[in-house]
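To start, the structure under review is shown below, and the notes come after it.
The values are calculated or read from the model by the stated rules, or taken from the named source; none is laboratory data. As the structure is a prediction and not an experimental result, all values here were calculated from the model. A quick note on method: Cβ atoms are made from the backbone with ideal geometry, for glycine too, and the neighbour counts reach across all protein chains shown.
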Amino acid sequence: MEWLKISTSTEIVRIAVDEIVYILADGNYCDLMLANGTSHKMTFQLHYFEEYFRKLRHNPFTRVGRSMIVNKRHIRVVNVPDRLIRFGGHTIDTRIPTLRMAKLGRESLQKLKNELNDYADRPEYN
């Protein structure tokens with residue numbers, strides 16, 4: 001299992017990569033949404049996480065639009081006309097509505113849909 005390790009001036013945060021559902025940019029901060037429904041506000045911009053995830057052996061993350069990185073392992077539905085992503089699976093707390101969908105641009109969703117088609121064929125995904 002790979003871990004996201006972030007050290008700040010006051011704490012060290014270790015989060016299993018598989019637990020991250022998505023990361024949402026909020027100015028100079030980012031909110032990490034985890035599968036159990038908890039959220040961590042981090043004082044890093046989105047590009048920091050993008051660079052970190054590129055170093056993973058099996059990188060399940062992709063940037064979707066300007067403000068979001070998603071974990072493809074947690075995506076169950078990409079609906080381009082309705083412009084939404086549904087997250088799910090046995091590890092996701094389905095009582096938390098913010099984990100189930102996110103509105104995004106059509107072009108970003110079409111790109112994500114195409115990536116998921118390719119991603120599902122890779123051995124590390126199965």
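Return yes or no: is Arg95 over 15 Å from the mean Cα position of the chain (by Cα), exposed (fewer than 14 other Cβ atoms within 10 Å of the Cβ), charged (D, E, K, R) and modelled with pLDDT under 90?
Yes: the conditions hold for Arg95.
For the list (1) surrounded by fewer than 18 Cβ atoms within 10 Å (Cβ to Cβ); (2) at pLDDT below 85; (3) touching a Phe, Trp or Tyr at 6+ places or on another chain (Cβ under 6 Å), I need the number of the one condition that Asp82 fails.
If we test Asp82 against (1) surrounded by fewer than 18 Cβ atoms within 10 Å (Cβ to Cβ); (2) at pLDDT below 85; (3) touching a Phe, Trp or Tyr at 6+ places or on another chain (Cβ under 6 Å), just (3) comes out false.
Write out, first by first residue and then by second, each pair whose Cβ atoms fall under 8 Å of each other, whose residues are 6+ apart or on separate chains, and whose first residue, in segment 9-36, is within 10 Å of Ile69 (Cα to Cα) while the second is of a type in the set (Ser, Thr, Tyr) and at pLDDT below 90.
Here the result reads Leu24/Ser67; Ala25/Ser67; Leu32/Ser39, each pair linking segment 9-36 to a residue that is of a type in the set (Ser, Thr, Tyr) and at pLDDT below 90.
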